[in-house]
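What follows is a single structure, written as structure tokens, with notes after it.
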Amino acid sequence: MPETQVERVPLYGDLVWPGGRRIAVVFNLAWEMWMPGATSGVGPMGNVLANGCFDPNADSYGHYNATAGIRRLTRIMERHGIAASLLTSGLVAGRFPDAVRASAESGHDIVAHGLGQNLVFPTLSPDQAQHSIQRTTELIEAATGKTPKGWISPRVTSAAGNQRNFARAGYLWHGDVIDDDLPYIQRFGDAEILAIPMSVEFNDLPHAMRFGRTPGQFVTLVTEALDAIKRQPAETIILDIFAHGHCYGRPAAAWAIDDIARACASDDALWITTRSEIADHCRAALPLLAE
């Protein structure tokens with residue numbers, strides 16, 4: 001089998017979440033930094049400066065993530081007893097190791113998110129891509145004392161060759177697919193990894209920056225969907241809620257994440273979980289599912 005060819009192996013049988021639940025909800029908090037000289041691709045001014053000019057406004061906007069916004073979002077999760085999946089740039093782990101370690105010790109799932117948010121795999125050479133994986137892993141290990149279990153790339157964008165390298169680096173799962181509702185196994189010639197698909201409907205960045213919608217509309221989008229899904233025939237699914245420290249980590253919008261977290265935490269029909277917990281559940285259920 002060529003190195004970039006992947007065999008997709010579905011999880012056979014009826015996968016059910018703990019407690020007989022059918023709906024898993026994951027709060028994904030993006031804890032991001034950009035490489036020196038690069039900035040967030042979005043900013044509050046909207047217009048991009050011409051001729052590739054460095055934009056201090058977008059640069060400052062992105063810095064808010066790690067300096068203030070992520071703290072507000074994690075405090076919200078902790079008030080509601082929710083462990084979040086923290087999509088953590090390697091640069092964050094290198095610059096703020098104490099904060100990353102404290103978040104891990106508080107029960108949050110530290111997910112490797114690439115060295116810097118601007119290092120999107122299709123734009124990198126093979127050596128640059130491998131450096132991003134290796135260095136990110138090293139920095140998170142140094143901060144937390146543990147090897148991260150899962151990887152989600154900047155922009156949720158990687159190809160089969162990258163995903164093979166996640167497996168080779170020891171990762172148990174990745175979230176760089178949006179092509180199914182449930183997890184499946186990817187087998188390469190010398191490695192395998194669990195792919196846990198992302199859902200894309202509830203993401204604060206496109207909601208606010210692309211579509212110009214309000215925080216209140218974000219709350220309605222999530223709560224209406226949950227109510228409607230529960231009226232549909234039961235099926236096992238994963239719903240992802242994304243919040244970025246530099247977007248909905250700000251006071252004027254963070255209350256929306258608070259409202260959503262409160263509603264989810266009080267709903268016994270939902271399994272509020274992390275992606276690593278989903279991976280552990282699927283691995284434990286594999287022998288049963290294969291029967």
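The values are calculated or read from the model by the stated rules, or taken from the named source; none is laboratory data. As the structure is a computational prediction, the values presented were derived from the model and not from experiment. Using ideal geometry, Cβ is built from the backbone for each residue, glycine included, and neighbour counts are taken over all protein chains shown.
Using beta carbons and a limit of 7 Å, which pairs, at least six apart or on different chains, have the first residue in the range 111-123 and more than 16 Å from MET198 (Cβ to Cβ) and surrounded by 24 or more Cβ atoms within 10 Å (Cβ to Cβ) and the second one β-branched (Val, Ile, Thr) and at pLDDT 95 or above? Cβ pairs passing all conditions: LEU115/THR136. Does the range 255-268 include one or more residues that are modelled with pLDDT of 95 or more, of a type outside the set (D, E, K, R) and in a strand (DSSP E or B)? No, there is no match, as no residue in the range 255-268 is modelled with pLDDT of 95 or more, of a type outside the set (D, E, K, R) and in a strand (DSSP E or B). Checking the stated criteria, ASP268 turns out not to satisfy the condition of being without any contact (Cβ under 8 Å) to a residue 60 or more places away in the chain and under 14 Å from the mean Cα position of the chain (by Cα).
The residue list ALA228, ALA208 contains one member that is of a type in the set (A, V, I, L, M), surrounded by fewer than 18 Cβ atoms within 10 Å (Cβ to Cβ) and free of Cβ contacts under 8 Å to residues at least 60 places away in the same chain, which is ALA228. Scanning the range 145-169 for residues that are surrounded by fewer than 21 Cβ atoms within 10 Å (Cβ to Cβ) and either over 18 Å from the mean Cα position of the chain (by Cα) or without any contact (Cβ under 8 Å) to a residue 12 or more places away in the chain (or both) gives GLY145, LYS146, ALA160, GLY161, ARG168, ALA169. Listed by position, the helices (runs of 4 or more DSSP H) inside the range 44-117 whose residues that are modelled with pLDDT of 95 or more, more than 15 Å from ARG250 (Cβ to Cβ) and of a type in the set (Asp, Glu) number at least 1 are 70-79, 97-105. ALA38 meets each of the listed conditions (1) closer than 24 Å to PHE202 by Cβ; (2) part of a loop (DSSP other than H, G, I, E, B); (3) touching a residue at least 24 places away in the same chain (Cβ under 8 Å); (4) among the small types (Gly, Ala, Ser) apart from (1).
In the set (1) buried (at least 20 other Cβ atoms within 10 Å of the Cβ); (2) assigned to a helix (DSSP H, G or I), the condition left unmet by GLN186 is number (2).
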